[in-house]
């Protein structure tokens, strides 16, 4: 059953219709970083961080899961790309171009690609300070 307020034509609708309430994975040692648990549930997507990223990415993000014991959240955009948002520090990151790739990355413990807002000179993730010049930073800008 689809949670209220989720547009039926958004890619998040199918994810939540299939997996809402399911928890998979566990926190442990992964390939590049810690593996994580994923608890699928609708996440309130109306906070200021998510609204800012909607504008920057020119999309609609809908939260579909809590990850890593609730320390992060998983969002899906209008095109099916997946992003993560830390709830403990100022980090937003690209998880994968598809839901399957994002879930695989999270469960296997592969590092996400941090994204910088225009007002950020750097962001810390995995104990690394990433700047715009770092090759692992995800460039969401057209061109």
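The values are calculated or read from the model by the stated rules, or taken from the named source; none is laboratory data. Quick caveat: nothing in here was measured; it's all calculated off a predicted structure. Reconstructed Cβ throughout: ideal geometry from the backbone, glycine too, with neighbour counts over all protein chains shown.
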Discussion item. Of everything in segment 23-49, what is outside any strand (DSSP E or B) and at pLDDT 95 or above? Give them in sequence order.
Written reply: 31
Fill in: Test result for residue 104, in a helix (DSSP H, G or I) and over 15 Å from residue 46 (Cα atoms)
yes
Worksheet item: Looking only at residues in segment 27-50 that are surrounded by fewer than 12 Cβ atoms within 10 Å (Cβ to Cβ) and free of Cβ contacts under 8 Å to residues at least 24 places away in the same chain, which one is nearest to residue 71 (Cα to Cα)?
Response: 44
Fill in: Residue among 136, 124, 119 that alone is surrounded by 13 or more Cβ atoms within 10 Å (Cβ to Cβ), in a loop (DSSP other than H, G, I, E, B) and free of Cβ contacts under 8 Å to residues at least 40 places away in the same chain
136
Worksheet item: Can you pull out the residues in segment 63-80 that are more than 19 Å from residue 125 (Cβ to Cβ) and not in a strand (DSSP E or B)?
Response: 77, 78, 79, 80
Fill in: Qualifying positions in segment 1-19 - touching a strand residue (DSSP E or B) at 6+ places or on another chain (Cβ under 9 Å) and under 20 Å from residue 81 (Cβ atoms)
6, 7, 10, 11, 12, 13, 15, 16, 18, 19
